[in-house]
Amino acid sequence: MAIAIKQIPVLKGKVAKGFAKKATSNLEKKETVDFSKQAANAKKILKKAQL
């Protein structure tokens, strides 16, 4: 008994350009997470525990 293979939809024309534009703008908005406060707290805890 075979399982049917579904076709993958392909974006073309204006839809493809719009998708690419949105993807690019979202990548540019990407922010990083600053864990410096958490690292400092962890360092204090380890120092206090003398590890």
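Of note:
- Close Lys-Lys pairs in the chain, where close means Cα under 14 Å and separation is 8 or more or interchain: 4
- A 1.4 Å probe run over the protein chains yields, for the chain, 117 Å² of accessible area per residue, whole-number rounding.
- Relative to the globular-protein estimate of 2.2 N^0.38 Å, the Cα radius of gyration of the chain stands at 2.45.
- Fluctuation leader among Lys17, Lys37, Lys29 - the chain, Gaussian network, Cα springs under 10 angstrom: Lys37
- Since only Asn41, Ile3, Gly18 are under comparison, the one whose Cα sits farthest along the positive direction of the charge dipole of the chain, derived from C-beta charges on Lys, Arg, Asp and Glu, is Asn41.
The values are calculated or read from the model by the stated rules, or taken from the named source; none is laboratory data. This one's a predicted model, so the numbers in the text were calculated from it and none came from an experiment. Here Cβ is always computed from backbone atoms with ideal geometry, including for glycine, and neighbour counts include all displayed protein chains. Note: areas computed on protein heavy atoms with side chains; ligands, DNA, RNA excluded. Shrake-Rupley method; radii C 1.70, N 1.55, O 1.52, S 1.80 Å.
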